[in-house]
1. Would you pick out the residues in the stretch B:108-123 that are more than 8 Å from chain A (Cβ to nearest Cβ) and closer than 19 Å to A:Ser6 by Cα?
2. Whether any residue in the stretch A:54-71 is under 22 Å from B:Ile10 (Cβ atoms) and more than 17 Å from the chain's Cα centre (by Cα) is what I want to check.
3. Of the residues that sit in the stretch A:140-161 and are among the hydrophobic types (A, V, I, L, M, F, W, C) and touching a residue at least 12 places away in the same chain (Cβ under 8 Å), which one is nearest to B:Ala7 (Cα to Cα)?
4. What number of residues within the stretch B:111-139 are modelled with pLDDT under 95 and among the charged types (D, E, K, R)?
5. Within the stretch A:144-161, does at least one residue satisfy the condition of being more than 8 Å from every other protein chain (Cβ to nearest Cβ), under 20 Å from B:Asp127 (Cβ atoms) and assigned to a helix (DSSP H, G or I)?
6. So if I check each of B:Glu109, B:Glu77, B:Glu65, which one is touching a residue at least 24 places away in the same chain (Cβ under 8 Å) and touching a helix residue (DSSP H, G or I) at 6+ places or on another chain (Cβ under 8 Å)?
7. Does the stretch A:122-134 contain at least one residue that is over 21 Å from B:Ala14 (Cα atoms) and surrounded by fewer than 18 Cβ atoms within 10 Å (Cβ to Cβ)?
8. Would you be able to tell me the number of residues in the stretch A:23-47 that are free of Cβ contacts under 8 Å to residues at least 60 places away in the same chain and either more than 8 Å from chain B (Cβ to nearest Cβ) or among the basic types (Lys, Arg) (or both)?
Protein chains: 2
Amino acid sequence: MDTVTSAQVINKDALLRHWLGHRNLTRRVIEAFPEKELFGFSIGGMRPFSQLAIELLSIGGPAMESIVKDEPLPYNEEALRLITKEQILAKWDEQTDVITRYFNQLPLERFSETFNLFGQYEFPIIDNIFYFIDNEIHHRGQGYVYLRALGIEPPMFWERD
Amino acid sequence: MDTVTSAQVINKDALLRHWLGHRNLTRRVIEAFPEKELFGFSIGGMRPFSQLAIELLSIGGPAMESIVKDEPLPYNEEALRLITKEQILAKWDEQTDVITRYFNQLPLERFSETFNLFGQYEFPIIDNIFYFIDNEIHHRGQGYVYLRALGIEPPMFWERD
């Protein structure tokens, strides 16, 4: 291939780095919460940040495994019984490895193929992956407000290492 | 090109559609705020949602124009004097057109090139574009908490039309 035909919007490795950078930042936000407020604090009837983190843990890794194995498994947040910050952070690190492993196994040709995620969301795989990342950014942004309301300075948005 | 070498993570048109979908949702969030609270309500010393929207308006369109023209202009939020919801929404629609026009003019080959955005952030153009989108999702997520705290149901996260 010459330079022109191989040009692309983003390559696969860069998208994974982008996602993992977001995961690093979200991990910092989980860490920034005091134990009690992580599980008990919320605003306007929303879920506490622990529950938002558990949602994220129920999506990224399980979804990537499901996509790569081509097995549409149901969404199952109930399976995760995490009751301490330490448990959530340990699961976060475990799932980062799961995401990395399966993302790397996904052939480039499959990103544009549709997949029936959780047996419910039939979209191109790239749209599903953007959804995982965007949903994490969305809920983490909510976590920033919780932290501010608690008088805690959140990590810088551009810290991704 | 055969099918294998032309496979890519995401194509240019799909990335623009993705961004514009997010802009549609953010527009709905601006609309959901009552006039007074859009400019006056906040939590934990943060900025009201009008100011977050003005930040977003100072980034997306101006940045895409700057990138396409290859002129690193400084960031200038002060230039936008928007004092009603109607003015913000009108500017939002105007900037959606600006983003669309310049995004379409950006050659595929340039996405991996670095650009010194606002004369300050020297990164590959694709990283800058992801930053624009991610920063919008981040602040909009904060807007969701403001709305919930005000007892207002925010739009569904997956509504992008």
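The values are calculated or read from the model by the stated rules, or taken from the named source; none is laboratory data. Note that the structure is a prediction, hence the values are computed from the model and not measured. Counting neighbours? That spans all protein chains shown, and the Cβs are built from the backbone with ideal geometry, glycine included. In case anyone asks, the SASA skips ligands and DNA or RNA and just uses the protein heavy atoms, side chains included. Shrake-Rupley method; radii C 1.70, N 1.55, O 1.52, S 1.80 Å.
1. If the condition is that a residue be more than 8 Å from chain A (Cβ to nearest Cβ) and closer than 19 Å to A:Ser6 by Cα, then B:Arg110, B:Glu113, B:Thr114 are the ones that fit.
2. yes
3. Among those residues, the one meeting the criterion is A:Phe157.
4. Total meeting the criteria: 1.
5. no
6. The conditions single out B:Glu65.
7. There is no residue in the stretch A:122-134 that is over 21 Å from B:Ala14 (Cα atoms) and surrounded by fewer than 18 Cβ atoms within 10 Å (Cβ to Cβ).
8. Number satisfying all stated conditions: 7.
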